[in-house]
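The values are calculated or read from the model by the stated rules, or taken from the named source; none is laboratory data. As the structure is a computational prediction, the values presented were derived from the model and not from experiment. Cβ atoms come from the backbone with ideal geometry, glycine included; neighbour counts cover every protein chain shown. Just the protein is used for accessible areas: all its heavy atoms, side chains included, with ligands, DNA and RNA removed. Shrake-Rupley method; radii C 1.70, N 1.55, O 1.52, S 1.80 Å.
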Amino acid sequence: MNLSELRAGVEAGEIDTVLVALADMQGRLQGKRFTARHFLDAVVEHGAEACNYLLAVDVDMDTVSGYEMSSWDRGYGDFHLMPDFDTLRRVPWQEGTAMCLADIDWEEGGEVVASPRQILRRQLDRLAERGWKAYAGTELEFLVFDDSYEEAWRKGYRGLEPSNLYNVDYSLLGTARVEPLIRRIRNGMLAAGLKVENSKGECNFGQHEINFLYDEALGTADGHVIYKNGAKEIAAQEGMAISFIAKYDEREGNSCHIHVSLRGDDGTPIFAEQPELFDRFVAGLLAGMSDLTLFYAPNINSYKRFAAGSFAPTAIAWGNDNRTCSLRVVGHGSSKRVENRMPGADVNPYLALSALIASGLHGIDNELELEAPYEGNAYESDKPHVPSTLRDARDAFAASSLAKEAFGQEVIDHYLNNARVELAAFDAAVTDWELYRGFERL
């Protein structure tokens, strides 16, 4: 939708609300609902304001210490949301509603460098300096429960009813049980301007996946956060719940495999036309995998996925169409691309794509040599292990010259503090596992 179409929809009484949203550190949509007329009369030209604590809180939206850009000492002021009209679209699952994503600037001028969308924009600018564009696709898995979100909360997220009671990977019979919900999501996303390819069942009970056509990287990240938010909203309307948690139980976790390739400004497929650049790009991904894991696996729970035989990687290795490796090369000719299998469905797509581009450019700029592809079961290899905990990933990120060069110290400090906050919260928590194990018997 463009502004002219929005104005026409408002005049016809079809649209009365416009959401202006930013993506926060966790990749969630935060923002305001504007009356459509006020959006057209004021926000289009001047933007809007939001409290800068939106990029300085934990998952519970609690204010925490350690952020340079936002604190009690700084008074928790505002930053400025400037709508990106390329993202303007209808929200078909909300009556009379449109949405526009925003970039974030400071009121006094200058971009908010720790904003995930701005971080990705800067990496895309680095590609543009070379006459290249990144294209990407993200594959989000999720669990569907017959319980509502409120019921799940009251149950303490235990004893929930998955929408399928057995493995429905590729099963048409099993996925038909949940088709009313999945079809609503597919069609809702199509009506919102996203290009849906397909849906399919996955391995865990009630696990499904909806896939979208690849796009330029920023468009893919934008579509990712819109879809993730919208799928939850649609599930809630149906009295059900969807979870994108990386690892819900001891069975298969929710992954977010990310495919990426490069093209020239004229559409030339760089990886097909310049195989040496492809090799260096993949070598850079391997070299930066441990350093930038914090952007691929940002939460405590993210690391529970990394288990042998789980289809989540444990080895920092690449292979041709080898799903046991953290990097899987697929496609031929113009479709040749690399798939990063490390991220889970809890990933922030802007940060993960930024990490992919930054490490790939590191390989190209330093002319890194690509090792031979791994053949066989990488779970049983002697390749370096992916970081096993958030603490390990934080330490690697803190010590990384690659990360500092690509993102700058302000971004490094901001996301290190986010990791510190999560680790401190987890270290202070008493888990169910500890209670069951120790309440009586220890």
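Data table
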| read-out | value |
| --- | --- |
| Region 4-46 versus region 407-441: alpha-carbon centroid distance in Å | 36 Å |
| The chain, accessible surface, carbon-and-sulfur percent (1.4 angstrom probe) | 48 percent |
| Å² per residue, accessible surface of the chain at 1.4 Å | 45 Å² |
| Simple Cβ-charge dipole of region 335-442, Lys/Arg +1 and Asp/Glu -1, about Cα centre, in debye nearest 20 | 220 debye |
| Length gained when the stretch residue 73-residue 436 is fully extended (0.36 nm per residue, less Cα-Cα span) | 126.5 nm |
| Pairs beyond 31 Å (Cα-Cα), from 155/383; 32/336; 232/304; 133/247; 232/336; 228/304 | 155/383; 32/336; 133/247; 232/336 |
| Computed over region 6-152, Kirkwood Rh from alpha-carbon pairs, angstrom | 17.5 Å |
| Cα centre as origin, Lys/Arg/Asp/Glu Cβ charges: region 1-79 dipole, Debye | 120 debye |
| Filtered trypsin sites (Lys or Arg not before Pro), region 364-442: DSSP coil and at most 16 other beta carbons within 10 Å | 441 |
| Spin-label proximity, residue 266 to region 321-364 - amide N less than 17 Å from point 7 Å beyond Cα toward beta carbon | 334 |
| Cα coordinate range in the chain, projected on the principal axes (Å, largest first) | 63, 58, 51 |
| Per-residue HN-Hα couplings for region 219-236 [Karplus 6.51, -1.76, 1.60; θ = phi - 60°; Hz; x = Gly/Pro] | x, 5, 5, 4, x, 4, 6, 5, 4, 4, 5, x, 4, 5, 5, 5, 4, 4 |
| Overall Cα dimensions of region 350-414, principal axis frame, Å, largest first | 41, 30, 21 |
| Counting all C-alpha pairs of region 196-312, share separated by more than 16 Å (%) | 72 percent |
| Alpha-carbon gyration tensor eigenvalues x 5, square-rooted, for region 95-205, Å | 37, 20, 16 |
| Under the Debye formula (equal points on every Cα, no solvent term), log10 I(q)/I(0) of region 155-228 at q = 0.14, 0.17, 0.18 Å⁻¹ | -0.52, -0.71, -0.78 |
| Scattering profile of region 384-442 at q = 0.25, 0.29, 0.30 Å⁻¹ [log10 I(q)/I(0), Debye over alpha-carbon scatterers] | -1.01, -1.13, -1.16 |
| Low-density loop cleavage sites - GluC sites (Glu not before Pro) in region 1-43, where at most 16 other Cβ are within 10 Å (DSSP) | 14 |
